[in-house]
1. Taking amide H positions as placed in the peptide plane 1.01 Å from N, state which residues far from Gly64 in sequence (5 or more) or on other chains have amide H under 5 Å from it.
2. Which order results if Asp43, Asp76 are arranged by neighbouring Cβ count within 10 Å, fewest first?
3. Which far-off residues, 5 or more places away or on another chain, put their amide H under 5 Å from the one on Leu142, with H placed in the peptide plane?
4. Which percent of Cα pairs goes in each bin when the distances of segment 56-149 are cut into 10 angstrom slices starting at zero?
Amino acid sequence: MRAARNPNHAIAAAVAAVAAAAFAGTFWFDPVPEGLPGLGAVDFPRLVCVLLFLLAGLLALKQGSRPSEEEAPPLDRGAWLIFGACLVFLPAMEVLGIWGAIPIFLVATGLIWGEVPLRTLVLNAIGLTVALWVVFVRIFQLTLPSGWLGAMLGR
């Protein structure tokens, strides 16, 4: 009798592939002038990608079991829409910059999930965007992508 395959291997391979694609994408980031304080626009995403590689390796080492149909139902329309929103996020960030793309992404995914009033989604998106800006720009002093719109506005 053949031993069951470990589903963690496929999941770990998928996570590693996403991390590899994201890491490769950092080679097309705009150059950051030398001498700016903090991590550059390339360094932080690369650190996250390396962390994802390490976590994928740990997951691949963990013995898994095949889920039953009740534990792993088929993906519904909402899951595919969320996946699509994630795919659209990076091109949106290229156009709008990170500070324009984040609140739009948060509101859009919240609407896909449903059951939360639009006003709440908008307030949460604004609050989280401001909190992220404070942490990454003011505290960590990161230079983050401003997008085409930011370049046109001189940022």
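Read-outs: derived from the displayed coordinates by stated rules, not from any lab. Note that the coordinates shown come from a computational prediction; the quantities given were computed from them, not determined experimentally. Cβ sites come from the backbone with ideal geometry, for glycine too, and all protein chains shown count toward neighbours.
1. Excluding prolines and chain starts, which carry no amide H, the hits are Asn8.
2. Values: Asp43 14, Asp76 8.
In order of increasing Cβ crowding within 10 Å: Asp76, Asp43.
3. Distant-sequence amide H within range of Leu142: Val137.
4. 14, 30, 29, 21, 5
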